[in-house]
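First comes the structure, then the notes that go with it.
Derivation of every value follows stated rules applied to the coordinates shown; laboratory data play no part. Predicted model, so just to flag it, every value in this text is computed and none were measured. Ideal geometry is used to build each Cβ from the backbone, glycine not excepted, and the neighbour counts take in all protein chains shown.
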Amino acid sequence: MIMYDSKIARLFTGRLNPYDYVTLMGVTFTTVSHTDKSIWDVMETQIHCRQYAECFWVTLLPSVLLGLFVWWGLALLPLFAYYILYWAEMLKLGHSAFNFEAEKECEEVCYFVMRKRFAWRKWYWKKELPPIKSIWDL
């Protein structure tokens, strides 16, 4: 889901977040109105939401079980799994497989039809990512 012209997005954008949107718990909040977003921007945010959902669902059962039997705080892990994976890779390597997949595939109109689950995994924790070839590059 994308929330346009959001005050939450204005709160989180700035020096630390140079983008005009922020994705929190699978919902994308953006500072611009729906008429100002291009189809590629919308596709990119939808790819990020799908990535968040994948990280959430894969960690849900193990973290709830650990939360019940070890420590209740571990039950909150699914909410932050995407951000933990994103920032661990960003801090260690300086780039993110999540961003790479979203930027690489945002121009593909039928990407969600042909996309495999966890498509970002093949680039995750790689030292170098291949260059992104845009359809607009001549």
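Loop-located GluC sites (Glu not before Pro) across segment 58-113 with a Cβ neighbour count of 15 or fewer within 10 Å are E108, with loop assigned by DSSP. Close Lys pairs in the chain, defined as Cα atoms under 24 Å apart and 8 or more places apart or on different chains, number 16. The longest part of the chain holding none of the exposed loop trypsin sites (Lys or Arg not before Pro), meaning those outside H, G, I, E and B in DSSP with at most 12 other Cβ atoms within 10 Å, is 16-115. Please give the FRET efficiency for L60 paired with K127, using the beta carbon to beta carbon distance and R0 = 41 Å, rounded to the nearest 0.05. Efficiency, rounded to the nearest 0.05: 0.85.
Roughly how far apart, in whole Å, are the Cα centres of segment 62-108 and segment 1-24? Spelled out, the Cα-based centre of one part sits 19 Å from the other. Helix 39-69 and the longest principal axis of the C-alpha atoms of the chain enclose an angle of approximately 10°. Once the other residues with Cβ under 15 Å from the Cβ of M3 are scored (Lys, Arg +1; Asp, Glu -1), what is the net sum? Combined, the nearby Lys, Arg, Asp and Glu give -1. Evaluate the Kirkwood expression for the hydrodynamic radius of the chain, namely the inverse of the mean inverse distance over all pairs of different C-alpha atoms, and round to one decimal in Å. Hydrodynamic radius (Kirkwood, Cα only) of the chain equals 16.3 Å. Listed by Cβ neighbour count within 10 Å, with the fewest neighbours leading, H48, H95, H34 appear as H34, H95, H48. Magnitude of the charge dipole for the chain, about its Cα centre and with charges confined to Cβ atoms of Lys, Arg (+1) and Asp, Glu (-1), is about 460 debye. Identify the chymotrypsin sites (Phe, Trp or Tyr not before Pro) of segment 55-138 meeting these criteria: DSSP loop state and at most 15 other C-beta atoms within 10 Å of the C-beta. Qualifying residues, ordered by number: W71, F118, W125, W136.
By the helix-only formula, in which each DSSP H run with n ≥ 4 contributes -39500 (n - 2.57) and the sum is divided by residues, the chain has a 222 nm mean residue ellipticity of -15500 deg cm²/dmol.
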